[in-house]
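Shown next, in structure tokens, is the structure this report addresses.
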Amino acid sequence: MRRIEYPKDIQALKTEYLAIFNDCLRRMQNDWENLRDELRSKDNNTIESHRLYPDHISEMLVADYDLLVDIFIDYQKMVEVYGDGMNDLNRALERLFNYSTDDGTPPKFQPAISCFFMQHQKELKLDVCHYCELSYINSYGFSSVYTDVGEFLISATRHQIERYVRRESGEKLAKGKYDKIMKLRQMTGVNVSNIKDRFDNLDARWRDTPKKSERVAGNLRNHFDLDHFLPKGKCPLVALSLMNFVPSCPICNEKLKGEDILWGENEANRRNVLIKVSPNSSGYDMNSVAKLRLDDHGHGWLRAQEHPQDYTLEFNSSDPDYQSEIIDEFHLDERYAYHKCEALRWHDLMNDYPPPRIKEMATALNGYKTEEQLRNDIFQNDYFEKYVRCFDKLRRDILGIG
């Protein structure tokens, strides 16, 4: 339910993303040229095929989402036309655009792509599942505790040193190496500004790329999935495309969506639906067209939280595509109904603090706090804006906020 907030300078993000493939890009390009020509030959529209299947594979990796939709749809048409005649080509494309298979050539890119999204978590505001907004998603590890490797090496406990200074596999180092790190910071002249260099050169036999201090800083794990909105199992061409990834919770990704294509029932309208209902798309607008509604069925209790059985909570969508492809696909009505207590709490708070009462409070405070400041305090507007939280859409819909 939350659109991905790409930075305004999206080109810089794309350039950094392409760096993931630097070591393999030449080999990938060589393989791509043969497969690209085969794709073009199967496509009847020569001009269109050159747009969809570009000369350079790097263009596929950072293509805008709208173009990915066109590629995906065109590929589905090829599968329908050629049937089993696409099998060899499909397998070759799966090996080339290898997201998670261990025996592929080039190697799988899932770990590096996952790391890329973790490094940009704050920039992209990856805090809650973009499909349901019911689950928090985050990265955790060194940077969630420390911001400076030098400060960490100077002040961390032995236990913390052993937690974050590991082999690339995640295994602990030999005890003697940890002893050397602990002794290092006791040497004359060692301080926050120079301990990283000394740490990197501590043991010539323990030499890695990147530097050991950079590896420590990059010691991150993630608590989220990267869903391919356009399923890679249906079109391997989009398996590594930056603009096809939707950070989500495991329930939405694995248990509910899986390899489903969210493009509705009307074949003629598939492109519009895929562009409309994807959090990757600039046209995604579920917040406006689908609202959570709390219905008291005419009871009108003053304290709704004391009568939860008399209320229902469900989505009301003015757009059938959002209803079928998002609300129904991710079972949002049922899942939100389980958390009806959250809606009732905001409902009661709104009734306890209507505009006239807030105005009276501001008057009584004699300028200490304005009406707007009181609303922010009571309804946590600034807090939810600064720290993206679960149930934000529910809160806004119940309170009638934008």
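Each value in this text was obtained by applying a stated rule to the coordinates, not by laboratory testing. Just so it is clear, the structure is predicted and the values come from calculations on it, not from any experiment. Note that each Cβ is placed from the backbone with ideal geometry, even for glycine, and that neighbours are counted across all protein chains shown.
Brief remarks follow.
- Farthest towards the positive end of the charge dipole of the chain, among the residues N253, I10, L313, is the Cα of I10, using unit charges on the Cβ of Lys, Arg, Asp and Glu.
- Normalised alpha carbon radius of gyration of the range 82-148 [divisor 2.2 N^0.38 Å]: 1.60
- In plain terms, the chain from H299 to K8 could stretch by 100.0 nm, reckoned as 0.36 nm per residue minus the Cα-Cα distance.
- When the alpha carbon gyration tensor of the chain is reduced to an equivalent ellipsoid, the three semi-axes, largest first, read 41, 37, 17 Å.
- Subtracting the Cα-Cα distance of S282 and N366 from 0.36 nm times their residue separation leaves 25.8 nm of extension gain.
- One decimal place: the segment R167-E342 gains 58.6 nm when fully extended, by the rule 0.36 nm per residue minus the C-alpha distance.
- Reach of K77 by Cα under 13 Å, taken over aspartates and glutamates that are not fewer than 8 positions away in the same chain: D43, E267
- For the cross-link pairs K369/K393; K183/K211; K14/K108; K14/K255; K122/K340; K340/K369, the ones whose C-alpha atoms lie over 24 Å apart are K369/K393; K14/K255; K122/K340; K340/K369.
- With helices as the sole contributors, the chain gives -12500 deg cm²/dmol at 222 nm; each DSSP H run of n ≥ 4 counts as -39500 (n - 2.57), and the sum is divided by every residue.
- FRET efficiency for K77 and D103, using Cβ-Cβ distance with R0 set to 25 Å, rounded to 0.05: 0.25
- Here the 3J(HN,Hα) profile of the range 331-348, calculated from phi with Karplus coefficients 6.51, -1.76 and 1.60 at θ = phi - 60°, is 6, 5, 4, 5, 5, 6, 4, 5, 9, 4, 4, 5, 5, 5, 5, 5, 4, 5 Hz, Gly and Pro shown as x.
- Largest first, the extents of the alpha carbon coordinates of the range 45-202 on the three principal axes equal 72, 35, 27 Å.
- Cα-projected label distance for T312 with L220, points at 7 Å along beta-carbon direction, nm: 4.4 nm
- Shown for the range 194-325 is the translational diffusion coefficient from the Stokes-Einstein equation, using the Kirkwood radius over Cα pairs, a temperature of 25 °C and a viscosity of 0.890 mPa s: 126 µm²/s.
- The alpha carbon centroids of the range 9-60 and the range 72-118 are separated by 13 Å.
- For the range 265-372, diffusion coefficient by Stokes-Einstein and Kirkwood Rh (Cα), 37 °C, 0.692 mPa s, µm²/s: 196 µm²/s
- Residues H331 and Q29, FRET efficiency given R0 of 60 Å [Cβ-Cβ distance, rounded to 0.05]: 0.90
- The Cα atoms of the range 141-220 give a gyration tensor whose axes a ≥ b ≥ c have a/c under 1.5, which makes the shape rounded.
- Annotation: amide H of S139 within the under-5 Å range of H223, sequence separation 5 or more or interchain, hydrogens built in the peptide plane.
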